[in-house]
Amino acid sequence: MKKIGLFFGSFNPIHVGHLIIANVMAQNTDLDKVWLVVSPQNPLKPSKGLLHEFDRYDLVKAAIADNYKLEASDVEFHLPKPSYTIHTLAYLTEKHPNKEFKVIIGEDNLENFTKWKNHEQILGQFGLYVYPRPHVTNSDLKRHSNVTIVKAPMIDISATYIRNCIKNNKSIRYLVPEPVENMIRTKKFYL
C-alpha cells in the first residue's frame, strides 16, 4: 500500500513555506507521496479575498511541476462545500483502496483539532503527520500513538503578507517559486 500524505490548504497563493513542508514530508518520512489538496473553502476561514480555486490549483501545479513526489489535488472541488477533511478522506479511501492516507497539519492546528468534524475518526483511522509552528501551546495530542511529529524548518511566511506585497507593488521574489510569481504577475492576481 502506498502511503500518501494529504497537505490541505487554501494556497492563496502557494509559497516556499508550503513547499518546504511538503518536500520535508515527502523526502524525510515514510510517505511515498504528498498531495497538496487545494481547498475551495475552509469552513473555519472567511472566503473573502480568496483567489478562484482553479487559479490556486494552477499555481500549485506550477510550483511543484519539477517534483515527482508532490502532486496537486483538486478532489475537494467535486465534493459538497464547505469541505470537511473527514468527507474528503472517506471519498479518497473509497476511490483509492490501494492507498493509505495520512493528514499533514501544522502544530498550531493540533490545538483546535478536537473541533474538527469527526476528529476521533481522523485520528484513529488515518493519523496525523505534524510539523512545527511558531507560538504554539503544547497539546496532549502530541503523545497520541497515531500522531507523528516531523522535524521540519519553522517557516513563518504568510500568504496574507505576500498578497499585501503584491497589492503594494512590492517584490515577492524568493517568497514564491519563479513560475508562481510569473503567473501572478501575468494574470494580475491579487491586485
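The values are calculated or read from the model by the stated rules, or taken from the named source; none is laboratory data. Note that the structure is predicted; figures quoted are calculated from it, not measured. Here Cβ is always computed from backbone atoms with ideal geometry, including for glycine, and neighbour counts include all displayed protein chains. Note: accessible area is taken over every heavy atom of the protein model, side chains too, but ligands, DNA and RNA are not part of it. Shrake-Rupley method; radii C 1.70, N 1.55, O 1.52, S 1.80 Å.
Structure notes:
- In region 49-72, the residue that is most open to solvent (accessible area, probe 1.4 Å) out of those that are basic (Lys, Arg) and within 23 Å of residue 185 (Cβ to Cβ) is 61.
- Breaking point among (1) modelled with pLDDT of 95 or more; (2) closer than 17 Å to residue 37 by Cα; (3) aromatic (Phe, Trp, Tyr), for residue 84: (1)
- Failed item in (1) in contact (Cβ under 8 Å) with a residue 40 or more places away in the chain; (2) surrounded by 18 or more Cβ atoms within 10 Å (Cβ to Cβ); (3) touching a helix residue (DSSP H, G or I) at 6+ places or on another chain (Cβ under 6 Å), with residue 10 passing the rest: (3)
- Of all the criteria given as (1) on the phi < 0 side of the Ramachandran plot; (2) outside any helix (DSSP H, G or I), the one not satisfied by residue 62 is (2).
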